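Following: one structure in structure tokens, then a few remarks.
The values are calculated or read from the model by the stated rules, or taken from the named source; none is laboratory data. Everything numeric in this text was worked out from a predicted model, so none of it was measured. Cβ placement follows ideal geometry from the backbone for every residue including glycine, while neighbour counts extend to all protein chains displayed.
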Amino acid sequence: MKKDVIIACDFASAAETYAFLDRFTEEKPFVKIGMELYYAEGPVIVREIRRRGHSVFLDLKLHDIPNTVEKAMRVLSHLDVQMVNLHAAGTKAMMEAALKGLTREDGTRPILLAVTQLTSTSEERMHDELLISGSIADCVCHYAQMAKEAGLDGVVCSPLEAGMVKERCGKEFLTVTPGIRFADGNKGDQVRITTPARAKEIGSDFIVVGRPITAAEDPIAAYRKCVKEFRE
Ligand code: C5P
């Protein structure tokens, strides 16, 4: 699958999401569906977005005992999405079980990614609350390595971490990176950000972009600008 821009569809309802996607008459962007929308609308929204011809990253970040995650992934494998994810903190056994559950009878499966440390977790909280010592960077690289050993395809991480993940796990190991802003744009609540062009230089395979596109006056123009900076 080639490098692409994924639009984070962080809308509260199916109606809002479809109204947004209806504005794209010439292209079919890759979209990310997160917990808020999935819990509100259920699998029907995923089927509808697939029916409309979009690729889907289903961002549900599973984390439970291996048996439960395996069965949940088996259910998700029938949704025909392109990407799903889980928390690497669930251990290698959980990731292996997830991979098994996600693989369909014909051997095909969506791309499976691991979330390493959420970008909302500071190093201080990782030390004090999670009792993980060392730097965030070390933890991200270690979790990425575990994900690779479990057979996963890549990780979701900050673009600022994508380079070192590639160094540790190889350039084929995918990095999917949120935290993207245009050079002249509003940061919102994101702190560690990069532009689409910089994310490309660092080696991100997919960038996840929400508000710079969804809240833009002209979302189509913002999406095209993103694609141009990231792919060309
Ligand atoms: O609007 P914005 O571009 O900040 O949206 C980024 C998207 O990526 C949101 O859906 C957010 O939940 C998600 N995300 C993130 N940081 C992570 C993991 C996911 O911003 N570490």
Any pair with Cβ under 8 angstrom, 6 or more apart, that starts in the range 146-165 at a residue that is farther than 18 Å from SER135 by Cα and ends at one that is more than 15 Å from the ligand (Cβ to nearest atom) and modelled with pLDDT under 95: none
Under the condition of being modelled with pLDDT under 80 and more than 8 Å from the ligand (Cβ to nearest atom), which residue from the range 176-194 is farthest from GLU161 (Cα to Cα)? ASN186
Just checking, how many residues over the range 20-59 are out of contact with any strand residue (DSSP E or B) (no Cβ under 9 Å at 6 or more places or on another chain), within 22 Å of PHE206 (Cα to Cα) and small (Gly, Ala, Ser)? 1
Residues to consider are ARG125, ARG109; find the one that is more than 16 Å from the ligand (Cβ to nearest atom) and basic (Lys, Arg). ARG109
Extreme residue, farthest from ASN85 (Cα to Cα), among residues of the range 18-42 that are more than 18 Å from the chain's Cα centre (by Cα) and surrounded by 14 or more Cβ atoms within 10 Å (Cβ to Cβ): PHE24
Which one of these does VAL5 not meet: (1) out of contact with any Cys (no Cβ under 8 Å at 6 or more places or on another chain); (2) in contact (Cβ under 8 Å) with a residue 12 or more places away in the chain; (3) not charged (D, E, K, R)? (1)
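Criterion first (in contact with a helix residue (DSSP H, G or I) (Cβ under 7 Å, 6 or more places away or on another chain) and either of a type in the set (Gly, Ala, Ser) or away from the ligand (no atom under 16 Å from the Cβ) (or both)) does VAL69 satisfy it?
On the way: in contact with a helix residue (DSSP H, G or I) (Cβ under 7 Å, 6 or more places away or on another chain): yes; either of a type in the set (Gly, Ala, Ser) or away from the ligand (no atom under 16 Å from the Cβ) (or both): yes.
Here the answer is yes, as VAL69 does meet what is asked.
Kindly indicate the residue of the range 203-226 that is among the β-branched types (Val, Ile, Thr) and under 17 Å from the mean Cα position of the chain (by Cα) and also nearest to GLU172 (Cα to Cα) among those meeting that condition.
Looking at residues that are among the β-branched types (Val, Ile, Thr) and under 17 Å from the mean Cα position of the chain (by Cα), I get ILE207.
Taking the range 55-106 as the region of interest, how many residues are on the phi > 0 side of the Ramachandran plot, among the charged types (D, E, K, R) and at pLDDT 95 or above? Spell out how you get there, then give the answer.
From the range 55-106, those on the phi > 0 side of the Ramachandran plot are 61, 80, 91; that's our starting set.
Right, trim to among the charged types (D, E, K, R) and you get 61, 80.
Now drop any that are not at pLDDT 95 or above, which leaves 61.
Result for the range 55-106: 1.
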Flagged pairs (Cβ under 8 angstrom, 6 or more apart or on separate chains; first in the range 187-207, in contact (Cβ under 8 Å) with a residue 12 or more places away in the chain; second more than 12 Å from the ligand (Cβ to nearest atom) and assigned to a loop (DSSP other than H, G, I, E, B)) are THR195/ALA183; LYS200/LYS3; GLY203/LYS171; SER204/LYS3; ASP205/LYS3; PHE206/LYS3
